[in-house]
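J.: There's a structure below that I have some questions on.
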Amino acid sequence: MLNFRKKRALVIDKEIPIDEARYVVIDTELTGLDEKRDSIVSMAAIRMVGGRIDFEDVFNMLVNPETALTAESVIIHGITPSEVIRKPRIEDVLAEFVQFCDNDILVGHCVSIDTEFINMEAKRIFGCSLSNHAIDTSAIYEWIRKRYSAERAFPCAFTDSGLFEIAKFFGIAINGAHNAVIDAFITAQLFQRFIPMLMQGGVKSIGDLLSVGNPSKGGDWSGATKESF
């Protein structure tokens, strides 16, 4: 099994320009949003270098979840018990996911939900959490909205922070949403559009981006829907 502690020794240069850094855009599908009761049923990740999405470097796996799928969760993400009964358990999937992410910066929309469940399992399986830095496109969107609305370059009235609504606003097609790899791809396209806006607004280094995209600025997600489980 993966030597998690040794592998997660993280080194990051915060002076790297944001359009040159390496990112992994992640998304999970869950049996629900209760971290004490629910579990991961699907994990996806897409590699980005700067604003370039690497369509050939993608992680996408179903998980035989630790807790049972409910009718409510199946309606949302469409993953049925028969699809996952013979899939690997989270122990094997998470080990591969950690290797895929390496030391790259994690990107997600309301990413704290994903990392909460990922780290819950990582602590149980490996004895420690991921040490990857993470940024939240929800927090970045809020920064952009406030920054550009002051210049009348952004409609003040548009305050919806849901992934799909923001994506539509930026002209990103929504096809097959509520699927981990598709949602990760939508998030990657959104982040791709954010990078030049961030740079124009003075956010040029990874250090700047980690401040602007701090997941804690994305709001309290307790009771949130995350668009999907």
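The values are calculated or read from the model by the stated rules, or taken from the named source; none is laboratory data. None of the values given here were measured: they were computed from a predicted structure. Every residue, glycine as well, gets a Cβ built from its backbone with ideal geometry; the counts of neighbours run over all protein chains shown.
J.: Do we have V63 as farther than 14 Å from I79 by Cα, at pLDDT 90 or above and buried (at least 20 other Cβ atoms within 10 Å of the Cβ) here?
T.: Taking the combined requirement at face value, the residue does not satisfy it.
J.: Residue by residue through segment 23-43, note down the ones that are over 28 Å from S205 (Cβ atoms) and crowded, with 19+ Cβ neighbours inside 10 Å.
T.: Passing the criteria: T28, E29, L30, T31, D38, S39, I40, V41, S42, M43.
J.: Provide a single number: the residues in segment 107-135 that are surrounded by 18 or more Cβ atoms within 10 Å (Cβ to Cβ) and part of a helix (DSSP H, G or I).
T.: Final tally of qualifying residues: 11.
To keep it simple, each residue is scored yes or no on (1) among the basic types (K, R); (2) at negative phi; (3) crowded, with 16+ Cβ neighbours inside 10 Å; (4) touching a Gly at 6+ places or on another chain (Cβ under 9 Å).
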position: E72; (1), (2), (3), (4): no, yes, no, yes
position: I79; (1), (2), (3), (4): no, yes, yes, no
position: S82; (1), (2), (3), (4): no, yes, no, no
position: R86; (1), (2), (3), (4): yes, yes, no, no
position: E91; (1), (2), (3), (4): no, yes, no, no
position: F97; (1), (2), (3), (4): no, yes, yes, no
position: C101; (1), (2), (3), (4): no, yes, yes, no
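J.: Let me ask you something else. Quick check on my filter: what residues within segment 186-205 are among the aliphatic types (A, V, I, L, M) and in contact with an Asp or Glu (Cβ under 7 Å, 6 or more places away or on another chain)?
T.: Within segment 186-205, I195, M199 qualify.
J.: Looking only at segment 11-20, decide whether some residue is surrounded by 17 or more Cβ atoms within 10 Å (Cβ to Cβ), under 30 Å from M199 (Cα atoms), in contact with a strand residue (DSSP E or B) (Cβ under 6 Å, 6 or more places away or on another chain) and at pLDDT 90 or above.
T.: There is no residue in segment 11-20 that is surrounded by 17 or more Cβ atoms within 10 Å (Cβ to Cβ), under 30 Å from M199 (Cα atoms), in contact with a strand residue (DSSP E or B) (Cβ under 6 Å, 6 or more places away or on another chain) and at pLDDT 90 or above.
J.: Can you name the residue in segment 10-40 that is in contact with a Phe, Trp or Tyr (Cβ under 8 Å, 6 or more places away or on another chain), in a strand (DSSP E or B) and not hydroxyl-bearing (S, T, Y) and is also farthest from F97 (Cα to Cα) among such residues?
T.: L30
J.: Please give the number of the condition F100 fails out of (1) within 22 Å of L210 (Cα to Cα); (2) assigned to a loop (DSSP other than H, G, I, E, B).
T.: (2)
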